[in-house]
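The values are calculated or read from the model by the stated rules, or taken from the named source; none is laboratory data. If you're wondering where the values come from, they're calculated on a predicted model, not measured in any experiment. Every residue, glycine among them, receives a Cβ derived from its backbone with ideal geometry; neighbour counts consider all protein chains shown.
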Amino acid sequence: MERHGIDYYREAAKQSGLWHQGYLREMKKCRFDTIAVHGIYSMQEALDFNQGSIIEPVYLSTAQAYRDSDEMEAALSYQIPTWCYSRIANPSMYYLEGVLALLESYGADVETTCIATASGMAAIQTAVDPFLLPDPKNRSKPINFVATAQVYGGTFQQFAMRKEKEQNITWRKVVNYNDINEWEKLIDENTRFLYGEMPSNPGQTFFDLKKVIELAHKHGIPMIIDSTVATPALLRPLTLGADIVVQSVSKTLSTSGFGIAGAVISRKDIISTIDNPELKADFAGYAKRFPNRDNGPNISPMNAILALNDIRTLRSRVDMQSRSTLTIARYLAEHKHIEQVDYLGLKSHPLHKLAAKYLWLVDAEYDEQYGNPVNRYGHLMSFRVKGGARAARDVFDRFTRIFRATDLGRIKSVATIPAISTHSQQGEEARELADVPENLIRLCVGAEHPDDIIADLDQALSVLDGKETSINAPAFSAGGASSASLRNRL
């Protein structure tokens, strides 16, 4: 067997890398929809390596084989690109990571990389943990990070329990998120990063992102943004100067609901007080090569491809669902049984003008339907039912078209009561801090016609009149012999 030597593989990788960089430069010239459809999967790759497959293949293999010991040595010492083992990387994962990196940097001359994870919570852990290591020169030195109090319930638990309680890392909570002075007062020489979720789930909180980014960089620390609700179709924080973006890909990006996924997308050369040049030069790449390689929280190939397929229609879906959500929010805002509607698209919302500065439907100015920039505010909203927790439960239990689940971002409309589900573990005091009362119902509007969702809301709210209108189907089916229907009858 002829041996080529390590230099042969290095040169081949160099030439391949140059071709790939050229391809990415061409893709960055394309419109958002084209990038979402094609990503980094080229026609040349399809013809040369994948039997001409138009759609990216699913590489359901645990490991990569090598031609000889020289190629294996070069690969596993990171001298050439490799996927070696699917706990670390896999071609199907690369396809998802590539398209997310391009979409999050769309419209700006920003170089980005991405690492896909098994869930949104794994993405948050991947994004924050490398900054929370003890100072090697003084391991007893206290560590803190500054983040808004209004975050998703799972994020709250990770910060409050896994970081504060178990690791003694202080989470300094920003309550008045639009008070830049409050942010700054919480920062000291031991602060490792600033973190925010916008729009927040479920409260729709929003802050002036550019000001907070400037503040983070003034103190030499990175700005990390969870942009799950907005997606790159409405907001791309990296193009505004943020250092790292977290996406729960399971949500709007992966609208079908077939799989769980997360992602961390970072710009090159982030700002940080951590003395780690490799981490700062390419944070997502560093996480893939080192901590995530050893800890194993990365995505599976099948879930990567399932997410990738949903992303292809992201812009048009977000546009449609945003318009439907605004229609539904306006209906609820006028309803006699609703005390408050939280949706940034409503002009009555106190944060509407601020959100309008940041949330724009990407490429609307190139769309024949619009021809001009247009604001869109996403599919997530919440409303508060008059009459307290019992009334909210009565309405919630009457839904027949809207699914009762803790999910969001689905192609089908889904609702939950966060106080008894997504935010239940954080306790009453923390829920009050995050403004998540017991009578709040979170509604994530799907792709149904808004008239049909309004009809479901209308009949559900009629329970509070004491005169219920007719509905299309009972809440639970008594028919069928499946285990699911049996469970529902119990």
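Name every residue in region 146-181 that is part of a loop (DSSP other than H, G, I, E, B) and either out of contact with any Ser or Thr (no Cβ under 6 Å at 6 or more places or on another chain) or not assigned by TED's automatic domain parsing to the domain that holds residue 215 (or both), in order of residue number.
149, 151, 152, 168, 169, 175, 176, 178, 179
Please give the helices (runs of 4 or more DSSP H) falling wholly within region 283-337 in which 3 or more residues are over 29 Å from residue 222 (Cβ atoms) and not small (Gly, Ala, Ser).
Of the helices (runs of 4 or more DSSP H) lying wholly inside region 283-337, those with at least 3 residues that are over 29 Å from residue 222 (Cβ atoms) and not small (Gly, Ala, Ser) span 301-311, 314-333.
Can you confirm whether residue 293 is modelled with pLDDT under 95 and either surrounded by fewer than 22 Cβ atoms within 10 Å (Cβ to Cβ) or at positive phi (or both)?
yes
Does residue 213 fit the bill of being modelled with pLDDT of 95 or more, closer than 30 Å to residue 410 by Cα and not assigned by TED's automatic domain parsing to the domain that holds residue 374?
no
Test of understanding: among 318, 385, 374, which residue is touching a helix residue (DSSP H, G or I) at 6+ places or on another chain (Cβ under 6 Å) and more than 30 Å from residue 465 (Cβ to Cβ)?
Exactly one residue qualifies, and that residue is 374.
A quick yes/no check of all residues on (1) among the aromatic types (Phe, Trp, Tyr); (2) within 30 Å of residue 296 (Cβ to Cβ); (3) touching a strand residue (DSSP E or B) at 6+ places or on another chain (Cβ under 8 Å):
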site	(1), (2), (3)
30	no, no, no
49	yes, yes, no
59	yes, yes, no
73	no, yes, no
80	no, yes, no
91	no, yes, no
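Confirm whether residue 279 is within 20 Å of residue 211 (Cα to Cα) and either touching a Phe, Trp or Tyr at 6+ places or on another chain (Cβ under 7 Å) or in a strand (DSSP E or B) (or both).
No: the conditions fail for residue 279.
When you scan region 61-106, how many residues do you find that are part of a helix (DSSP H, G or I) and under 30 Å from residue 232 (Cα atoms)?
14
Output yes when any residue across region 41-48 is buried (at least 16 other Cβ atoms within 10 Å of the Cβ) and not in a helix (DSSP H, G or I), and no when none is.
Checking region 41-48: at least one residue is buried (at least 16 other Cβ atoms within 10 Å of the Cβ) and not in a helix (DSSP H, G or I).
I'd like to know if region 427-439 contains one or more residues that are modelled with pLDDT of 95 or more, of a type in the set (Lys, Arg) and either more than 16 Å from residue 233 (Cα to Cα) or surrounded by fewer than 17 Cβ atoms within 10 Å (Cβ to Cβ) (or both).
no
Among the candidates 329, 364, 333, which residue alone is in the same structural domain as residue 419 (by TED's automatic domain parsing), buried (at least 22 other Cβ atoms within 10 Å of the Cβ) and over 21 Å from the mean Cα position of the chain (by Cα)?
329
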